[in-house]
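First the structure, in the form of C-alpha cells, and then the observations on it.
All of the numbers you see were taken from the coordinates with simple rules; none came from a lab. Quantities reported herein were computed from a predicted structural model and do not represent experimental measurements. Glycine gets a Cβ as well: all are built from the backbone with ideal geometry, and neighbour counts include every protein chain shown.
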Amino acid sequence: MDQIADTARYDPAQAEPRWQQAWERAGCFAVPDVPDGTRPKYYVLEMFPYPSGRIHMGHVRNYTLGDVVARYKRARGFAVMHPMGWDAFGLPAENAARERGIHPATWTWDNIATMRGELKRMGLSLEWSREFATCDPAYYGHQQALFLDFLAAGLVERKEAFVNWDPVDHTVLANEQVIDGRGWRSGAVVERKKLSQWFLSITKYADDLLAALDTLDRWPERVRTMQRNWIGRSEGARVRFALASPIDGHDSVEVFTTRPDTLFGMSFLALSPDHPLTAAIAARDPKAAAFVQECSTLGTTEAALETAEKRGHDTGLTVRHPFNGRTYPVWIANFVLMEYGTGAIFGCPAHDQRDLEFARKYGLSVTPVVLPKGIDAAGFAVADTAFTEDGTLINSDFLDGLEVPAAKRRIIEELERTGQGTGVVQWRLRDWGVSRQRYWGCPIPVIHCDACGIVPVPKDQLPVRLPDDVDLSRPGNPLDHHPTWKHVACPRCGAPARRETDTMDTFVDSSWYFARFTAPHAATPTHRAAADAWLPVDQYIGGIEHAILHLLYSRFFTRAMRDTGHLGLASGEPFAGLFTQGMVKHETYRDAQGRWLYPTEVAKRPDGTAVHVGTGAPVTVGAVEAMSKSKRNTVDPGAIIDRYGADTARWFILSDNPPERDMEWTEAGVAGAYRFTQRVWRLVSAAVPTLPPHGAAVPTTFSGEARALRRTTHRTIAAVTAALETFAFNVAVARLYEFASAIADAKGEGTDLAWARREALEALVRLFAPAMPHLAEECWSLLAPGAGLVAQLSWLDHDPALAAADTVTIAVQVMGRLRGTIEVPAGADEATVLAAAEAEENVARAIAGRPIRKRIHVPGKIVNLVL
Ligand code: ANZ
Ligand code: ZN
C-alpha cells in the first residue's frame, strides 16, 4: 500500500479493534480490589443494562458519557473503577420462553453475548474482568445471604398484602400486566387478593432516607424532590369518630388527615373498600358487598386509583363530629386506600378537590372553613375548584380567626385533651414487597415447615439454585408446580417441608450490584476492605426513569448492608454524584397507509421531503420523538459503527446538546461528526513531516502568529478542562471544533510556528481523547511514535500566562460613530491608547485636523473622540 493512500483516509474499522487490543494488552483500565493508596480513587458507574437483545442509542449515550468521565479522571491521576455487568433477571426472558420456547437462561445469556460484543466495539474503558450477570448463582447466592442477614436483623418481614390476581390463569400479575382491569393473557377481570408476602423494611429508614437527601449536593434537585415526595412525610392527626349506632363491635372509626384544621368543614366520612368496618357492613348489606366487589377489579396501584372515576356507596351509617355534635354520613369510596393512614378519611369538599368532586357527584354539603387572604367571608363560595391554600379559619367555632398553621396546632391540642385524637407524622413510603410469583428471579432462601414455621436456609446450603427444568407453558408459578424442587427436609427438625417458591423483585438485584463490583469474586457478598475503599460511587449516570425506585432501594440497601456488617459506609449513601442523561430522539416516518417506517427505509431530499428508498413513494415526516421500537424511529448503533466507527458515534452523541437534555439523532449530524474525524486525521498526518520531533526544546522566542496559536492552545486546554469537570461535554466538543480550525488556519512558516503547531496538535489529540479514544491513539502514534498510549498519559495543564491575552482590541469612535479598531498591548496606559487611536488611518481622516474637545476612554473597550 502506498504512503499517500495510507494516510489520506482514516479507517476506523481497521484502527478501532487494534487500539482496543492495545489497551487490553497494556491493562490500562485495571484497578485492584483493594487500592494500594498511591492514587486517589474514583468510581464511575453507568446503570447496568438489562440484556434485552441489542444495545440501543440510549445505551450509547449513557456509556459514552460514563466513558468520557472515566478516561478524564484516569488522566487526572485517579485510580478509576469502571465496571460493567448485566441486570439479567426479569419477565421478558420468561415471555420469550413462552412465546418462542427458548429457555429464559439461554435467551438471557445469548443476549448478553451479543450486547457484550456491541459494547466492546464502542471502545469503552471498562474493566471487563469485573463483569457479572445477576442471574448467575455466583451472584444471587450472595443476595440470598444478604436476605438472610436482613431477616436476622429484623429488616425483613412477612405480611399480608394485596396483589393483582388473575382468576383464570391462577397467577399473580405485575401491575403492567393488568390492562384496563383485565389480565393481559387471559383477558379475565383481575381481582385484588390478599397474599402473605415478604417485605423489606425500608420504612425503618424513612427518617434518614429523607434527611440525607439534603447532603446529596451532587444530585439533580429534581431527583431529590421526587424522592422527597415519594417518601412523603406529612404531619397531621388521627381523629376518632364515634358511630351513632355500633355495628358488629365497631363503635368508632379512626381517620388520618393532614388538614385537621378543616374538621368543621366536614361533609362525610369515607372508608376504604378494604376497611374492616366495610367488611362488617358488606356482610349485612348485599348492595355494599356488590360495590366492594366492583372496586376489587381496579388495579392495586395508587396511580390506578388516582385516575379511576371517584365512586362511592352510602352505607346509611352515621358518625358523630368530635366538637359540633352533628352527625355525618359514612360512605365507602373507591379512592380511599387501605394501605395509607388508617384506610378512612373525613371528607372536606371545600378544601380538597377529590372530596369536592365526590360531594358534587353525590349531592353532599360543601362548607368553606378557610378564607383566602383579602377576601370577604360573605362573598366567598366554592364552586368547582376546592381552595387548598392557607388562609383564615371561618365557620369553625373555637378556630375562627386563626391562620391554618395555628388552627392545626389548636385543634390537635383540643383532640388530645378530649381523648378524641392525636397529632401524628405519617409517611407515604411503604415497606418494599419483594415477593414475586415468577421463575426468572432470585429464589427467596427460606423453608416452610409445619412444625417449625419459617426456617432460613442454612448459609452453607446457598445458593438456592433455580431448577433448569421448568414448565413455563402452564399458567401460575413455575417453581410452585415443579414436581420436586420445593420438597425438602426441614433444616431444623428434618420433617418434610416446602421451599418458598416466590422469587425476589428484580429491583433487589440492582440494589447492591455496585457494591459487588468492588470485589466480584469474593466468597462473601462484599469484601469489606474493597467495598469500604471504593464506595460510594463517585459518579453514577443513568436515566431519569430510575429517579425514584432504583435509587431509593439502593439507598436502603447500603444502609441495611452497613447495619448488618457488609459495608462500612457511614453515610449510608451509595452514590455521591448522580447525573441523569436526556433521551435520544429521532424524526418519525410513515408511509401513505400510515405505517411507521425505519429511518433506513427513508431517503430525505434536500427540500426536507422524504421518499421510500425501495419504492420511491412519498413518506410523511413526523415529529421528533424518543426512539422507540413501536414507532420504528430507531437507529441501530451497530450499523452506525460499521459505517462510521465508534468514535464518530461517540463524538456526535456528545456534541448535539447538553447531556442532561434530550438530543436529536440525525443522519446529517453523524455525517458531520465523521467528516471531523477525517479532517483531524488529515490535519495531523499532513503536518507531521513539517513538525519538530516530539519533546523538542522550546524555542527561545515566538513570532506573533506562533504566540497567537499558543494562546489558543492554552485557552482551549483551560476551557475543555472546565467543560469536562462540569458535564458540559457539548461545550468541550464545540471548543475542539474551533481549535481544529484555528490550527488549520495558522499557515505561516518558521521553526517557532512549527513548534507551536506541534504543541497545538498534541493538545488537540489529548483533549479529544476521552471522547474519541481510538482516533486519538492513531494520531498520537503518528505524532509521538514510541511515546506510549494516550490512555496512559496524564491530563494537560494549561499555562495561565500563555492563555492570558497579550493584546486587546479597542473600538474607536469619532462623535459616536465607529471609525476603526486598534490593537494595543493589554494594560497599556491611557496616553499610549489615545495616541494609537488618533493615529488610526480612518480615525485620522474623520478628524481631518480639527481640534479634539474631549477624549473618552473605557479601558480595554472603547475610545470616543468628541470634536
Ligand atoms: C381531611 C382533609 C381536608 C384532607 C382537606 C385534605 C384536605 P397526604 O398529604 O398525601 O399525606 N387521605 C388520608 N388517608 C387516605 C387514604 N387512605 N386514601 C386516600 N386518601 C387519604 O394526604 C393526606 C390527605 O389525604 C388526608 O388529609 C386525607 O384527606 C387523605 F381540606 O383529610 B385529608
Ligand atoms: Zn421443622
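Using C-alpha pairs under 8 Å with a sequence gap of at least 6, the mean separation divided by the residue count of segment 711-867 gives a relative contact order of 19 percent. Within segment 177-274, the trypsin sites (Lys or Arg not before Pro) that combine a DSSP coil assignment with at most 16 other C-beta atoms in a 10 angstrom radius are Arg185. Close amide H pairs (under 5 Å, H built 1.01 Å from N) link Gly347 with Ser267, Phe268, Leu269, Ala270, residues at least 5 positions away or on another chain. Close amide H pairs (under 5 Å, H built 1.01 Å from N) link Ala610 with Arg605, Val619, residues at least 5 positions away or on another chain.
Of Tyr140, Tyr674, how do they rank once you tally other Cβ atoms within 10 Å and put the fewest first? Spell out each step's value before the answer.
Details: Tyr140 28, Tyr674 21.
With the fewest neighbours first, Tyr140, Tyr674 line up as Tyr674, Tyr140.
With the cut-off at 1.5 for a/c, could you classify segment 183-256 from its C-alpha gyration tensor as rounded, prolate or oblate? Each step should come with its number before you reach the end.
Working: a/c = 2.75, a/b = 1.35, b/c = 2.04.
It comes out oblate by the Cα gyration axes.
For Gly77, the amide hydrogen comes within under 5 Å of the amide hydrogens of Trp795, counting only partners 5 or more places away or on other chains and with H modelled in the peptide plane.
Here the Karplus curve 6.51 cos²θ - 1.76 cosθ + 1.60, taken at θ = phi - 60°, turns the phi angles of segment 849-866 into couplings of x, 6, x, 9, 7, 8, 10, 10, 10, 9, x, x, 10, 8, 10, 10, 10, 10 Hz, with x standing for Gly and Pro.
Under 19 Å of direct C-alpha separation, and excluding same-chain neighbours fewer than eight residues apart, Lys604 reaches these lysines: Lys585, Lys631. Using a/c under 1.5 as the rounded threshold, could you call segment 462-607 rounded, prolate or oblate? The axes a ≥ b ≥ c are square roots of the C-alpha gyration tensor eigenvalues, and prolate needs a/b larger than b/c, oblate otherwise. Taking the square roots of the gyration eigenvalues as a ≥ b ≥ c, segment 462-607 is oblate. The angle separating the long axis of helix 137-152 from the principal Cα axis of greatest extent in the chain is about 50 degrees. Sequence-ordered 3J(HN,Hα) estimates for segment 405-410 from the Karplus curve with 6.51, -1.76 and 1.60 and θ = phi - 60° stand at x, 5, 5, 4, 4, 5 Hz, glycine and proline given as x.
Is it possible to state the helix-based mean residue ellipticity at 222 nm for the chain, with each DSSP H run of 4+ residues giving -39500 (n - 2.57), the sum divided by total residues, to the nearest 500 deg cm²/dmol? What is it?
Computed mean residue ellipticity for the chain: -11000 deg cm²/dmol.
What does the C-alpha gyration tensor say about the overall shape of segment 122-210? Classify as rounded when a/c is under 1.5, otherwise prolate if a/b is larger than b/c, or oblate. In terms of gyration-tensor shape, oblate.
Residue by residue, segment 703-710 carries 3J(HN,Hα) couplings of 5, x, 5, 5, 4, 4, 5, 5 Hz when phi is fed to the Karplus relation 6.51 cos²θ - 1.76 cosθ + 1.60 (θ = phi - 60°); x denotes Gly or Pro. Counting Lys and Arg as +1 and Asp and Glu as -1, what is the net charge of the other residues whose Cβ lies under 15 Å from the Cβ of Gly827? Around Gly827, the charge tally is -3.
For the chain, what's the relative contact order in percent, using C-alpha pairs closer than 8 Å and at least 6 residues apart?
Working: 1553 pairs, mean separation 112.3, N = 867.
That works out to 13 percent.
For the chain, the longest principal axis of the Cα atoms and the long axis of helix 830-839 meet at an angle of about 60 degrees. Between helix 104-121 and the chain there is an angle of about 20 degrees, using the helix long axis and the longest principal axis of the Cα atoms.
Percent relative contact order of segment 27-184, based on C-alpha pairs within less than 8 angstrom and at least six residues apart? Let's see the in-between values first.
On the way: 156 pairs, mean separation 36.0, N = 158.
Computed value for segment 27-184: 23 percent relative contact order.
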